[in-house]
Amino acid sequence: MIKYYYISLLLFLIASASVSGQQNFTIESNYILFEDAATGEPVLKYNDSMLVRGFKLDTHIKSSFPKDIKASNFSDYHYQINDKNYFVSNGGGLVLELKENNFKRIDNSFRHKNQFRANHFAHNNALYLWGGYGLFTHKKILTYYDFNLKEWSLKEIKTPKDLKPRLNALHMVYKDNLYIIGGLYRENNTLETKKIADEFVWKLDLKTFKWRKGKKHKSSVEELRYKYLNNSIQIDQKIITIGTYIEEIDLLNDTKKTYQNKSFGTIKNIVYHKKNQFVTYIYSTTDKELRIKSEPLDNLIGELIKNESFYKYTYNQIFISAILALGLIILLLLFFNTHKKNTVKLKNKIIYKSKDNLFYNTNNDPMKLNKMPFDVLKIFLENKNKYVPFSILNQVINDGVGNQNYITINKRRERVCDELTTELSIILKREKKSILKFRKNEIDKRIKEVKLDVEIITI
């Protein structure tokens, strides 16, 4: 009997371990999913009074929320500033801060309902909203939350006329710049079908708050954004959208890669954890239940389907690019041709710096010469482009050595000249025998002479 008891207990423990870390709670539609600014771990508020923390999604904590406010009204705009979490009501206005797992109002505002589906971002410890839709109009305004006044204000900036108002745009903040891509738009006070706002990448300098109109891009990404509203994440300078397929857009390197999506179910909301490259996402099962999962991002990314440029190029742009490329090739050819000529010219030169009393190659590296080869080279320097009698070289080579017989002196001269020509041939990449030229004196054939066939520049 005892034996069977322990077997049953063991089976129970095994079964318990097998479901460890799995979701054992019901997620209501009134939820908020975000990354904790301090810990980098996922946090899910899944009903009125509870939230769950951690990548195992098994740490449940009691939580409070302001009365008469739905959590689902704060699902879109989450900010991280100095390890603190802030939430702005969808459409703008109310501001919450997460304090000790409880959501507290910190604003003196009201629900604006003026910037739904706007682009939200934090910069220099301020909360921003750009664009959006509300009160029957599309917006292209930039608003910010003043922590001192506890109110929202309009950022006074000059906005180009051809920058159309929009909602549901993709955006990215990278190196003090806000990038806006696509989004949906329709003329105010009309019932026409919403369309892509434009095909340009817009950049707002967050230091000067000046807009710049960039290149045209392809529009399929905006359509994807419309269908999968909360399913885009930023990794460095890349925007990744997650829908039927996974698309990775690199604005700076002009690439768009399309991958298969290996996730299961329909992803409703996703956050990225850059510290461990995990994602946490809410998905809908076939039974319409909401589930949560945390796993490496690589687990979702399947086979590469397409690798293409992100920007759109017209025939005129292609023609201009071809002309520029041809011009660049011509310039490069001219450069290399000139460089080749200069290299040939410099190939036969060395430099003497009188201040240092040293010889240098054309790379400005000092030549390493012993005393006798150095002294001989100085003789050639003093007699530029002239033939020097052996007797003068012999005097330099024999200086301080004492009286030597003729044969010994000649051997020493030959050894020193060989040492010098070896060094110069290495530096100049020439044959040794081409460094020195020999002849008999034109007047007295008994006198032998030598000339250095290398140009020496004195500076």
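The values are calculated or read from the model by the stated rules, or taken from the named source; none is laboratory data. Because the structure is a prediction, the values reported are computed rather than measured. Glycine also receives a Cβ, built like all others from the backbone with ideal geometry; neighbour counts cover every protein chain displayed.
Phe359: assigned to a helix (DSSP H, G or I), among the aromatic types (Phe, Trp, Tyr) and surrounded by 12 or more Cβ atoms within 10 Å (Cβ to Cβ), yes or no?
Here the answer is no, as Phe359 does not meet what is asked.
If Val271 passes every condition in (1) modelled with pLDDT of 95 or more; (2) assigned to a helix (DSSP H, G or I) but one, which one does it miss?
Single failed check for Val271: (2).
Anything in the range 57-86 that is touching a residue at least 40 places away in the same chain (Cβ under 8 Å) and under 26 Å from Asn24 (Cβ atoms)? List them, or say none. Steps first, answer last, please.
From the range 57-86, those touching a residue at least 40 places away in the same chain (Cβ under 8 Å) are 57, 61, 63, 70-72, 74-86; that's our starting set.
Leu57, Ile61, Ser63, Lys70, Ala71, Ser72, Phe74, Ser75, His78, Asn85, listed by residue number.
Scan the range 277-295 for residues that are under 19 Å from Val52 (Cα atoms) and loosely packed, with under 13 Cβ neighbours inside 10 Å and jot them down.
Glu289
Among the listed residues Leu251, Leu300, which satisfies the condition of being farther than 30 Å from Arg53 by Cβ and surrounded by 13 or more Cβ atoms within 10 Å (Cβ to Cβ)?
The match here is Leu251.
Output the number of residues of the range 135-165 satisfying the condition of being on the phi > 0 side of the Ramachandran plot and either surrounded by 15 or more Cβ atoms within 10 Å (Cβ to Cβ) or at pLDDT below 95 (or both).
Quick first cut of the range 135-165, residues on the phi > 0 side of the Ramachandran plot only: 135-136, 150.
Retained after the next criterion (residues that are either surrounded by 15 or more Cβ atoms within 10 Å (Cβ to Cβ) or at pLDDT below 95 (or both)): 135-136.
Summing the residues that are on the phi > 0 side of the Ramachandran plot and either surrounded by 15 or more Cβ atoms within 10 Å (Cβ to Cβ) or at pLDDT below 95 (or both) in the range 135-165 gives 2.
Inspect the range 63-71 for any residue being in the same structural domain as Trp130 (by TED's automatic domain parsing), closer than 20 Å to Asn230 by Cα and not in a loop (DSSP other than H, G, I, E, B) and give the result as yes or no. Spell out the reasoning first.
Restricting attention to the range 63-71, the residues satisfying the condition of being in the same structural domain as Trp130 (by TED's automatic domain parsing) are 63-71.
Of the ones still in play, those that are also closer than 20 Å to Asn230 by Cα are 70-71.
Then keep just the ones that are not in a loop (DSSP other than H, G, I, E, B); that gives 71.
Checked the range 63-71: at least one residue is in the same structural domain as Trp130 (by TED's automatic domain parsing), closer than 20 Å to Asn230 by Cα and not in a loop (DSSP other than H, G, I, E, B).
How many residues are out of contact with any Asp or Glu (no Cβ under 8 Å at 6 or more places or on another chain), over 21 Å from Tyr283 (Cα atoms) and of a type in the set (D, E, K, R) if we restrict to the range 242-258?
So the count comes out to 2.
Within the range 213-233, work out how many residues are modelled with pLDDT of 90 or more and over 12 Å from Ile181 (Cβ atoms). Please lay out each step first, then the result.
The first filter runs over the range 213-233 and keeps only residues modelled with pLDDT of 90 or more, leaving 213-216, 232-233.
Retained after the next criterion (residues that are over 12 Å from Ile181 (Cβ atoms)): 213, 233.
Of the residues in the range 213-233, 2 are modelled with pLDDT of 90 or more and over 12 Å from Ile181 (Cβ atoms).
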